[in-house]
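*Asks:* Please read through the structure below; I'll follow up with questions.
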Amino acid sequence: MDIEIRERQIQGEEQEVVLSALAASAARQGCLFLEIGSWCGDTALILGRAAKALGGKLVCIDWWKGSPGTELFEVAKKKDVYSFFWRRVCGAGLEDTVIPIRARSEETAGLFKRNDFDLVFIDGDHRYGQVSMDIEKYSPLVKRDGGILCGHDCDGRISDFDPEFLDEGRDENFHESIHCGVVLAVGRAFEDYSIDYNIWSVRAKDGGWAPTDIEYPLQKGQFAPPPIGVTGNYNITRYGKFVYAIPRSRGNAAVTEDILRKMPDAVRAKTLKEVLKTIGEEISPCLSPVLWDSYKGFNLIQYGERFFAMSQTLGNIDITSVSESELNKYKGLGLCAEAKDPIGTKNIVDGLSHLFPELVEEGYRGFNIIAYKRMFYALSQELGPTDLRAVEKQRLKELIKTSKCVIAKTHQFAKELIDLLSARQARKELMTLNQKVKALEKEVSERDSKVKSLEKEMAALKAARG
Ligand SMILES: C[S@@+](CC[C@H](N)C(=O)[O-])C[C@H]1O[C@@H](n2cnc3c(N)ncnc32)[C@H](O)[C@@H]1O
């Protein structure tokens, strides 16, 4: 797979929702936001849009060279990531909102004044020293009256993990799939803070910091950590104070379920080494795609840290040879979905199912009711089996005009429209019957008057003869 410039850094829709809610909560007329670490602009676009809506600005600080020791660092040696970022910013119409500063964050804090920013988002170098430094240098820049300081990749609180493990991984960006540096730096900097889907946040309050406790339209939660790697039979994942080997058939997200972690076929130990020794298998870094499951016509595939649902209509597609742009095309067509874990892919598939017509009621007053693209279509059974995906707009208009189709937002409303159509049809039939009766009555009365005049004529003739 072409992951040369891996655009997507933000994880799942959940993080978009959380970051948007934080931005909305900090935004005011003419607001000023700051981001450390923008890469290709996933989070910058979210923050930039929120700032633009209120005539504000977003300062993006990044040296656009990736973080040392990460895949991004290697990518940036070969690719012009900054140009890619700026093209995206312009494509989103944010060129007058986003102010990029191409430098290391440690060099730029002095450019700003205390209290300058309504929101600062930290997502640069994830090593302990660097995150601590970003927090120390940039927190005074946040407005004291309710400004927000937040950041990415906080996989939990210090107390969730073994101190030795955190210490072991503090100088790496990512250690056994946990951002130890971020967990330690945030945990040491603040007494209390919010974590929502791995985004940490605090709000300036009474001269100190308090959790933001923002509301957002999702169940509050945290992502399951990605697996450290896979073995022949297990997914190896660090969760809290232990490393677990969970049978692959259960999916990685199983590690967050207490009951599944305690199943007899799950193995746990304090260190990765111990777990591998117990199961007697070798770990590899999830580099080949693994088919987890199939669900509602989709194959659920894990590839590295990414989880995909690929429509089975694509055939036996080899995900390692699909480029990012092809993937995006499939995503746009509803043939592919990506999430942070297998459960997430299933949720998205559930959400995508509206792209496939589904018969929800057959033969209601001679109509079939079909759910499709979040609407309900009632099609007259006279039309025979009809695939809505193949019906063109013009044809649909004709069907509506000729009362062979109605479209409604809910199943119930579709039925009410059918009731209305039937009532209208019945009234039409009644009116024609009424007209027929009237015509017959007219004929009868004409005949009556003819009979009467004949009778009169006969009576006159009789009288003449008489
Ligand atoms: C994880 S990426 C940021 C992802 C981004 N927020 C997004 O949503 O796509 C980390 C970024 O931090 C940048 N970075 C690393 N060290 C830095 C430093 N000392 N100063 C500024 N930026 C740095 C890297 O160049 C990289 O673009």
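*Asks:* So what does His179 come to for accessible area, using a 1.4 Å probe and Å² rounded to 10?
*Replies:* Surface open to solvent at His179 totals about 20 Å².
*Asks:* For the stretch 373-466, which trypsin sites (Lys or Arg not before Pro) are both in a DSSP coil and crowded by at most 10 other Cβ atoms within 10 Å?
*Replies:* Passing both the DSSP loop test and the Cβ count: Arg374, Lys409.
*Asks:* Tally Lys and Arg at +1 and Asp and Glu at -1 over the other residues with C-beta under 15 Å from the C-beta of Glu362: what net charge comes out?
*Replies:* In short, -1.
*Asks:* In whole Hz, with x marking every Gly and Pro, tabulate ³J(HN,Hα) for the stretch 208-225 from phi via Karplus 6.51 cos²θ - 1.76 cosθ + 1.60, θ = phi - 60°.
*Replies:* x, 10, 9, x, 6, 6, 6, 9, 8, x, 8, 5, 5, x, 9, 6, 5, x
*Asks:* Taking the Cα-to-Cβ direction at Ala53 and at Leu433 and moving 7 Å from each Cα, how far apart do the two end points lie in nm?
*Replies:* 5.7
*Asks:* Can you give me the accessible area per residue for the chain, using a 1.4 Å probe, in Å²?
*Replies:* With all protein chains present, the chain gives 53 Å² per residue.
*Asks:* Where does helix 81-91 land angle-wise versus the long Cα axis of the chain, in degrees 0 to 90, nearest 10?
*Replies:* Rounded to the nearest ten degrees, it is 30.
*Asks:* Now a separate question. Treating cross-link reach as a plain straight distance, find the lysines whose alpha-carbon is under 22 Å from the alpha-carbon of Lys462, omitting any fewer than eight places away in the same chain.
*Replies:* Cα-Cα hits under 22 Å: Lys450, Lys452.
*Asks:* Oh, and also: Over the stretch 407-466, consider all pairs of different Cα atoms and compute the Kirkwood hydrodynamic radius from their mean reciprocal separation; express it in Å, one decimal.
*Replies:* 15.8
*Asks:* Measure nothing fancy, just the Cα-based angle from helix 411-465's long axis to the longest principal axis of the chain, in degrees from 0 to 90, nearest 10.
*Replies:* Result, in degrees: 10.
*Asks:* Another question about this same structure. Residue by residue through the stretch 26-41, which ³J(HN,Hα) values in whole Hz follow from phi under the Karplus form 6.51 cos²θ - 1.76 cosθ + 1.60 (θ = phi - 60°), with glycine and proline marked x?
*Replies:* With coefficients 6.51, -1.76 and 1.60, one gets 9, 6, 9, 3, x, 5, 10, 10, 9, 10, 9, x, 10, 6, 8, x Hz.
*Asks:* Please give the length that would be gained between Thr402 and Ala464 if that part of the chain were fully extended, namely 0.36 nm times their separation in residues minus their C-alpha to C-alpha distance (nm, one decimal).
*Replies:* Working: separation 62, 0.36 × 62 = 22.32 nm, distance 6.50 nm.
That pair, Thr402 and Ala464, stretches by 15.8 nm at full extension.
*Asks:* Before anything else, pin down the relative contact order of the stretch 370-466: Cα pairs under 8 Å, at least 6 apart, normalised by residue count, whole percent.
*Replies:* Reported relative contact order: 24 percent.
*Asks:* Also: For the pair Asn347 and Glu382, how long in nm is the line joining their label points, each one 7 Å along Cα→Cβ?
*Replies:* 4.6
*Asks:* Once amide H atoms are placed 1.01 Å from N in the peptide plane, what residues at a sequence separation of 5 or more from Cys31, or on another chain, have their amide H within under 5 Å of its amide H?
*Replies:* Under 5 Å from the amide H of Cys31: Gly56, Lys57.
*Asks:* Hey, another quick one. Starting from the Cα-Cα distance between Asp145 and Leu111, subtract it from 0.36 nm times their residue separation and give me the gain in nm to one decimal.
*Replies:* Length difference between fully extended and current span is 10.1 nm.
*Asks:* Nearest 10 degrees is fine. How inclined is helix 42-53 to the longest principal axis of the chain, computing both from alpha carbons?
*Replies:* With rounding to tens, the tilt is 60 degrees.
*Asks:* What is the dipole size for the chain, taken about its Cα centre, with +1 at each Lys and Arg Cβ and -1 at each Asp and Glu Cβ, in debye to the nearest 20?
*Replies:* 2840
*Asks:* Return a whole-number percent for the relative contact order of the chain, with Cα pairs under 8 Å and 6 or more residues apart as the contact set. Could you put the intermediate results ahead of the total?
*Replies:* Working: 816 pairs, mean separation 42.2, N = 466.
9 percent.
*Asks:* What percent of all Cα-Cα pairs in the chain falls into each 10 Å bin, going from 0 up to the bin containing the maximum distance?
*Replies:* 4, 16, 22, 20, 14, 9, 5, 3, 2, 2, 2, 2, 1, 0
*Asks:* Still on this structure: Given R₀ = 22 Å, what would the calculated FRET efficiency be for Ile158 paired with Asp213, taking r from the Cβ atoms and rounding to 0.05?
*Replies:* For Ile158 and Asp213, the calculated efficiency is 0.65.
*Asks:* Please state, as a whole number in µm²/s, the translational diffusion coefficient that the Stokes-Einstein equation yields for the stretch 101-243 at 10 °C and 1.306 mPa s, with Rh defined as the Kirkwood radius across alpha carbon pairs.
*Replies:* Rounded, D is 99 µm²/s.
*Asks:* If you look for lysine pairs in the stretch 12-211 that are eight or more places apart or on different chains, how many of them have Cα atoms under 19 Å apart?
*Replies:* 11
*Asks:* Just by accessible area at a 1.4 angstrom probe, what is the order of Ser449, Ser311, Ser249 from largest to smallest? Write out the running numbers ahead of the final one.
*Replies:* Details: Ser449 65, Ser311 5, Ser249 100 Å².
Solvent-accessible surface, decreasing: Ser249, Ser449, Ser311.
The values are calculated or read from the model by the stated rules, or taken from the named source; none is laboratory data. These figures come from a predicted structure and were not determined experimentally. FYI the Cβ positions are ideal-geometry reconstructions off the backbone, even for glycines, and counts take in every protein chain you see. Each accessible area value is taken on the protein alone, full model and side chains, heavy atoms only, with ligands, DNA and RNA left out. Shrake-Rupley method; radii C 1.70, N 1.55, O 1.52, S 1.80 Å.
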